[in-house]
Each structure stands twice: as structure tokens, then as C-alpha cells.
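The structure appears below as C-alpha cells.
The values are calculated or read from the model by the stated rules, or taken from the named source; none is laboratory data. Everything quoted here is computed from the prediction, not taken from an experiment. In this analysis, Cβ positions are derived from the backbone assuming ideal geometry, glycine residues included, and neighbour counts consider all displayed protein chains. Side chains included, ligands, DNA and RNA excluded: accessible areas come from the protein's heavy atoms. Shrake-Rupley method; radii C 1.70, N 1.55, O 1.52, S 1.80 Å.
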Amino acid sequence: MASPRTEASALPEVPENANQHCPGTSSDQAGKSAACAGCPNQSICATAPKGPDPDMAAIAERMSSVKHKLLVLSGKGGVGKSTVSAQLAFALARRGFEVGLLDIDICGPSVPKMLGLEGQEIHSSNLGWSPVYVEDNLAVMSIGFMLPNPDEAVIWRGPRKNGLIKQFLKDVHWGPLDYLVVDAPPGTSDEHITIAQCLQSAAMTADVSAGGTGAIIVTTPQDVAVIDVRKEVSFCRKVGLPVLGVVENMVGLITSLERCTFTATTSTVAANGGATFAGDGSPASTTGAEVDVTSQVLAFLTERFPGASLRVRTEVFRAGGAADRMCADMNVELLGRVPLDPGLGAAADAGQPVVGLMPCGVSGNPGPMDTAASTVGCDGVGFACLPALLTIVGKVVDRTRGAKSSS
């Protein structure tokens, strides 16, 4: 991963729409010099606090015990970013790493649900806020733990959101971590700028060999989603945040045959053996009723392929390789392609991992498991998404523990 000192130095102090001789947002003359006249940012710069951010020292102290920070980003909502974040954290923990999962999606926190932590509360001590532990080596922090009513909307402006993100970074006592996975909101807004600046500025005081910060960008195959990923990659480069790679999610639906329903629609022509006409002599409708033929199809396929476990695959969005082309154009790595797996959705709703999932009816926290051995969910159906997820996790570990990432 790129040097934290290099990353932090790339953070811009001059807004893109600033005047030609802008003194910089941190300058004492920001908003006051003659060069600022007519600039759309003049009033903001003139009233903004100057000098070093007093929170940065506390954030740097907290983050000094975290080896690798992984920001999971997406250009659009609904592409499975939080699902990828949760399963990535689960999988890293099952590999024996000390892992923290920080949910900074202030307006839509879904991490508590996806990790089975609904109803949990934050506790504080003289060390700071204590995260909620899923397993001995997997800790979680989210605004979801702070809401008295999970249905309550969080209606905050940017400064208040940024203040909470800073508070999470400086007040949560994670202890030593190998990985801190950050589930960010979709898009490129204030929260993204804040988390990137805080982590990279904190890294300025850290040992260069202690790791760094990198981004994982999640998309789906549609062009409208991939277009926004290009903006996300551009954002990362502008703020000096290395991109570890892209995860293409929901790439085709893969499910067991038993989950499928088969129907047949017969035409009137086929049923009657010929054309039919209405009373006025015009052709009658040729569309008949939709008939459920699931049992017949399953019986036929069972007889045709005895003992085989059959799966059905179909493309839901497109099969055009939009993410492949985007990654090639922008020189970023495609970490993996995760199929749309009903088992993964069920596991997320149940707050369980698909890597090393415990058998049904077993309670308590499982210990480290062979991640390649457990591939069956509570309904007895194999996880079609698991090979792709294991590949992605392996690449993330490789990239963060020695290999270079694209920036």
C-alpha cells in the first residue's frame, strides 16, 4: 500500500472552483485577500477555523494501533456495499485477524442488522466508547446503536455528520487492529472527504511501515452504476486515496433448482390444434393461462441427472463486462465478481456470515474455522457467492500485506 505520507500530501487545499491566486483554505488570508474577491467560497473560507484541527492529534493516537484501514465505497446506493463490508469483516476475522467495522453511513446504517446486533447499545469507559463485539476479534461501531428508535430518520446537515465521524475516530477504543473496515455512504460527499482527510492526516504522524488506507469500490453490472464508479475512482485519486480494486456485485442470479418456480403459458392455437376466430370473424386471443409446471420440470431433471445438485443461472442486469472495461480504462483491478445469491441475502438478514457459517440451531460465537470447508447455509443450500468472496478477501489480504495497489 502506498506510503501514508505520500497519501496525505495529495489532499488539496485549493477548491476546484477557486480563483486563480487562491491562498489556500488553511491560510490566514483565506477569504480575506484580494485574490478571494468574487470567489464562490469566500464567505465559507473567511469564517472557517484556521490552523491545525485539534481533533487530529486524538485521531492519530487512536489510529496508530490500526494497521490497515479499508474504505468500502460505492457510486450508487443499493449495490450491496454494506453487504460486502459486513462479509469482508466476517471473513477477515475468521482468518484470525483483529478486525473493526465502522459504519459511517449516518442516514442509512444497516451494519447492526447485517451483523445481528440490533438493539445493542454503546458503553463508555475511561478508555473511550466501547465497540460492540460480534466475536472476540470482530468489533463494530455504528450510529445505529445510538438511535432509540430504529425507524427514526437521521436528518442531519453535513457539519453534524462530519462531527460524529470525527468522534467515532477519536473516541472509540478499538485496541490493536489488523483491519478497520469502514462502510461509507454512497457517492462522494462531505462524509467521504472527512474520513479520507482524517485517516490520511492521522497517518502523517504514524510509522510509514505500519500500513495505510485503501479503498474498495462496489458496483453492479449496469452502465448507470459503473458510470458513477468512474467518479468514485476519480474522487479517490483527487484525495490521494489508493484504490485496492473494484468488486462487481450481483453478477447474474445463481440459485438452486429447488428454489425456482417453472410456469408454462399455452396458446389457444396450440391447445386447439389450429387457429380460432371470434364471433365477428377476427382472430381470437392466442394467449392462454399461465400454468405451474414446477413438479413436472423437477421430476424430469431429477430423472435426467440423478444425484446431481443442479443450479440455475441467469443474467439479471447485463452480460456485457462494463466493470471489466471500466477497470481496464482506469487502471484499477477487478477484485472479483459476486453473483446474486439468495443465500447471501438471507445470511445478511439473519446477521450471519457466509464464510464459516454455523449450522442451524447452534448458538454462541464460533471459533476460527476453515473458510473453504463451510459452504452450506442454514437452509442446506450452498452459497454460490462464497468462492468469489473468498477470492476477494484473499486479494485484499495480499494487497495490504505487501503488494502495491493502484493509485
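Structure notes:
- Residues in the range 252-270 that are β-branched (Val, Ile, Thr) and at pLDDT 90 or above were compared, and the one that is surrounded by the fewest Cβ atoms within 10 Å (Cβ to Cβ) is 261.
- When residue 163 is tested against (1) within 20 Å of the chain's Cα centre (by Cα); (2) open to solvent by 10 Å² or more (accessible area, probe 1.4 Å), only condition (1) is not met.
- Boolean, residue 184 is surrounded by fewer than 16 Cβ atoms within 10 Å (Cβ to Cβ) and in contact (Cβ under 8 Å) with a residue 24 or more places away in the chain: no
- Residue in the range 137-145 that is part of a strand (DSSP E or B) and of a type in the set (Gly, Ala, Ser) present: yes
- Test: residue in the range 58-76 that is more than 26 Å from residue 397 (Cα to Cα) and at pLDDT below 95: yes
- Members of the range 87-129 that are hydroxyl-bearing (Ser, Thr, Tyr) and open to solvent by less than 40 Å² (accessible area, probe 1.4 Å): 110
- The residues in the range 115-163 that are within 21 Å of residue 349 (Cβ to Cβ) and small (Gly, Ala, Ser) can be counted, and the count is 4.
- For residue 221: the one exception among (1) without any contact (Cβ under 8 Å) to a residue 40 or more places away in the chain; (2) of a type outside the set (A, V, I, L, M, F, W, C); (3) in a loop (DSSP other than H, G, I, E, B); (4) surrounded by 15 or more Cβ atoms within 10 Å (Cβ to Cβ): (1)
- Residue 199 falls short on exactly one of the conditions (1) open to solvent by less than 10 Å² (accessible area, probe 1.4 Å); (2) at pLDDT below 90; (3) out of contact with any Lys or Arg (no Cβ under 8 Å at 6 or more places or on another chain), and that condition is (3).
- Residues (of a type in the set (Gly, Ala, Ser), open to solvent by less than 30 Å² (accessible area, probe 1.4 Å) and touching a residue at least 40 places away in the same chain (Cβ under 8 Å)) located in the range 139-160: 139, 142, 144
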